[in-house]
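For reference, the structure is listed below as structure tokens.
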């Protein structure tokens, strides 16, 4: 399944080579909480393999849209089984912030356009 979310890029890490065949790059976005504006969520994503360079096109502080998949895996060690989840990004893009015109701005523009 594909998901998308918008937020502000607050952490942008370097590429981490796990081994000769695998690399990843983590980043974190801050997402406003709709139910409590005083609280925001910090969500960590990762790019893997050849997608790691996609993070170069955005800067910390930018509003971004992240398209991602949820990946879950099982991991066993010393007879203990654990499960973990990764949010694996596959695209990131800038979000253009458009200022809304206020009623005063519209009224002022109309008055400036009048011939008298």
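Restricting 43, 15 to those that are in contact (Cβ under 8 Å) with a residue 40 or more places away in the chain and surrounded by 11 or more Cβ atoms within 10 Å (Cβ to Cβ) reduces the list to 43. Checking region 73-89 against the condition returns no match, with no residue being surrounded by 10 or more Cβ atoms within 10 Å (Cβ to Cβ), more than 11 Å from the chain's Cα centre (by Cα) and without any contact (Cβ under 8 Å) to a residue 40 or more places away in the chain. Does residue 9 satisfy the criteria of being in contact with a helix residue (DSSP H, G or I) (Cβ under 9 Å, 6 or more places away or on another chain), in a strand (DSSP E or B) and farther than 15 Å from residue 69 by Cα? Answer is yes for this residue. Can you say whether residue 106 is at pLDDT below 90, in contact with a strand residue (DSSP E or B) (Cβ under 8 Å, 6 or more places away or on another chain) and farther than 23 Å from residue 2 by Cα, as far as the supplied structure shows? So residue 106 does not fit the description; no.
Evaluation of residue 54 against the conditions (1) assigned to a strand (DSSP E or B); (2) surrounded by 12 or more Cβ atoms within 10 Å (Cβ to Cβ) shows that the sole unmet condition is (1).
The values are calculated or read from the model by the stated rules, or taken from the named source; none is laboratory data. Everything quoted here is computed from the prediction, not taken from an experiment. Here the Cβ is made from the backbone with ideal geometry for all residues, glycine too, and neighbour counts use every protein chain on show.
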